[in-house]
1. Select the strands (runs of 3 or more DSSP E) contained entirely in region 73-151, then report the ones holding at least 3 residues which are among the basic types (Lys, Arg), at pLDDT 95 or above and farther than 26 Å from Ser279 by Cα.
2. From the list Arg76, Arg62, pick out the single residue that is among the basic types (Lys, Arg) and under 27 Å from Lys142 (Cβ atoms).
3. Can you tell me which residues in region 133-152 are touching a strand residue (DSSP E or B) at 6+ places or on another chain (Cβ under 9 Å) and on the phi > 0 side of the Ramachandran plot?
4. Determine whether region 306-324 contains at least one residue that is modelled with pLDDT under 95 and hydroxyl-bearing (Ser, Thr, Tyr).
5. Mind counting the residues in region 13-34 that are in contact (Cβ under 8 Å) with a residue 40 or more places away in the chain and crowded, with 23+ Cβ neighbours inside 10 Å?
6. Within region 71-83, which residues are buried (at least 21 other Cβ atoms within 10 Å of the Cβ) and in contact with a Gly (Cβ under 6 Å, 6 or more places away or on another chain)?
Amino acid sequence: MSFTNLGLSKPIQKAILEQGYTKPTPIQAQAIPIILEKQDILAGAQTGTGKTAGFTLPILHRLSTESKKKGKYQVRALILTPTRELASQVEKSVQDYGKYLNLKSSIIFGGVGINPQIASLRKGVDIVVATPGRLLDHIERKTIDLSKVEYLVLDEADRMLDMGFIHDIKKIIALLPNNKQSLLFSATFSNEIKKLADSFLNSPKLIEVAKRNTTSELVKQSIYRVDKDNKKALLMHLINNENWQQVLIFTRTKHGANKLSKQLISEGISSDAIHGNKSQNARTTALNNFKTGKTRTLVATDIAARGIDIDQLPHVVNYELPNVPEDYVHRIGRTGRAKNSGEAISLVCVDENQYLRDIEKLIKSQIEVKIIEEFKPDPSIKAQSPKKTRNSRSKQRSQRGRDYRSSNNKDTKREKRQRVR
C-alpha cells in the first residue's frame, strides 16, 4: 500500500513525498481510512510507529476539503498532548503536511509567555495543539473559543493520566460539542484509559498495531546488575568502551538528572540535562544540541522526555528504573523508531528488584541479565525497605502534575506581576 491509495488530497500527498515517505506505517494504514470515514478511534500504538501522521494527515484532509463558514478562522480541531516537547512535535507535523493547504494552526503550552499565544488565537486558527494546563488558562481568560471544535485528539493519553491531568482533560471535553469526532491514542491500555475512552468516545473502532503494554521488537533490551554506588562508573565504562556517540539517559528525579549530567561532563563526556524545572528555551536548546550531535549524552526525567523524536537514536539507558512500570515502555520507546533498531539498557541495583518485577510482569517477558565482572554486585548488600524506595502510583501522578504545572506557571505569574505594575 502507498499513500496514494488512502484517499488523501493531492496537496497533502505532495507534502508527504517531500518528507521522504511513500508507504504508510501499519498504524497509518489502519487509522487514516477510519478517520476519513469520520468514526471515533481508540488506538493502541507505541511511540515511533508513525501515529502522529496517522491522525494529522486525515484531519488536515477533512478540514481542507470540507466547507467552512466564511469570515474569521475558528478552532475546528483540538489536539491535546501531555508535554511541550510532544506538542511541538505534533505542531511540526501539522506544518509539514499542511504546507500547501489554506489552514492555520497554533501551539499552546506553558513555560513561555502567554501573550503571543493570545495574539495568535485572536487572528483565528483552524487547528490548536495544546497541553491541558495552559489550554485551561486560555479558557479561563476567555481567549479561546472551543464551541466549533469538530475533531478532538488525545495523544499519548496514558501519559496524561500518569501526569495527573485526568481532571483537566474531563473539564476540557465537557466544553466541546457533542457531535465532534474523537480520537484517543495510547501506548498502554489501563483500566483508567478504558474508563476515559468510554466516557467520550462514540462506538470507537479499536486499532492495535502491537500487543497491549508491550515493547517494540526492534529494541534489544538488557539489564546490567550493579551496586548503586557503582552505577556511574559502569555507565562511563559502557559509553567509552562501546564508543556510544548518542545516548539518552533516564533518571527518576530532576536533581538526579542535573547531578549525573555534571558528573558526565567532569569525565569528559559532553552532556546536558532536560527536566521540568528547565525553561522552554533551555530544553529546546538541549534537545537540538543532542539531535545534531553537539552533545553526546542527554539526561532526562520522564516528564521532559515525551516528544524526544529521533528516528535513529541508538541507545537508551535507564540509569534508574522507573517507579511506574508503564514508564519503562515509554522510555525505551525513544529508540527503535521508524523501523530502525535500538538498544535499551537498564542499570539495576538490589533496591530496584521490585521495580524490575513489576516491569517484567507488565511486558510479560523476562529481560536478559548481563554482568560485567569488575562491576559485579556485592551479594552482602541488602535491599532497603520498600517503604523507603516505593511510592504509590497516585502520589507519583499528583507530584508529576505539580512539577509540570509549577514549571509552566512561572511565565504566567511573571506576566501577572507586569500587568499589576
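1. No strands (runs of 3 or more DSSP E) qualify here.
2. Result of the check over Arg76, Arg62: Arg76.
3. If the condition is that a residue be touching a strand residue (DSSP E or B) at 6+ places or on another chain (Cβ under 9 Å) and on the phi > 0 side of the Ramachandran plot, then no residue fits.
4. No, there is no match, as no residue in region 306-324 is modelled with pLDDT under 95 and hydroxyl-bearing (Ser, Thr, Tyr).
5. Within region 13-34, residues that are in contact (Cβ under 8 Å) with a residue 40 or more places away in the chain and crowded, with 23+ Cβ neighbours inside 10 Å number 2.
6. Thr83 - this is the single residue of region 71-83 that is buried (at least 21 other Cβ atoms within 10 Å of the Cβ) and in contact with a Gly (Cβ under 6 Å, 6 or more places away or on another chain).
Matching residues to (1) under 23 Å from Pro377 (Cα atoms); (2) not in a strand (DSSP E or B):
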position	(1), (2)
Asn230	yes, yes
Leu238	yes, yes
Gln245	no, yes
Asn288	no, yes
Val316	yes, no
Pro322	yes, yes
Thr335	no, yes
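Matching residues to (1) farther than 18 Å from Phe200 by Cα; (2) among the hydrophobic types (A, V, I, L, M, F, W, C); (3) touching a Lys or Arg at 6+ places or on another chain (Cβ under 9 Å); (4) assigned by TED's automatic domain parsing to the domain that holds Ile32:
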| position | (1), (2), (3), (4) |
| --- | --- |
| Ile108 | yes, yes, yes, yes |
| Gly111 | yes, no, yes, yes |
| Ile114 | yes, yes, yes, yes |
| Ile127 | yes, yes, yes, yes |
| Ser147 | no, no, no, yes |
| Asp162 | yes, no, yes, yes |
| His167 | no, no, no, yes |
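The values are calculated or read from the model by the stated rules, or taken from the named source; none is laboratory data. Treat the numbers as computed from the prediction; the structure is a model and nothing was measured. Counting neighbours? That spans all protein chains shown, and the Cβs are built from the backbone with ideal geometry, glycine included.
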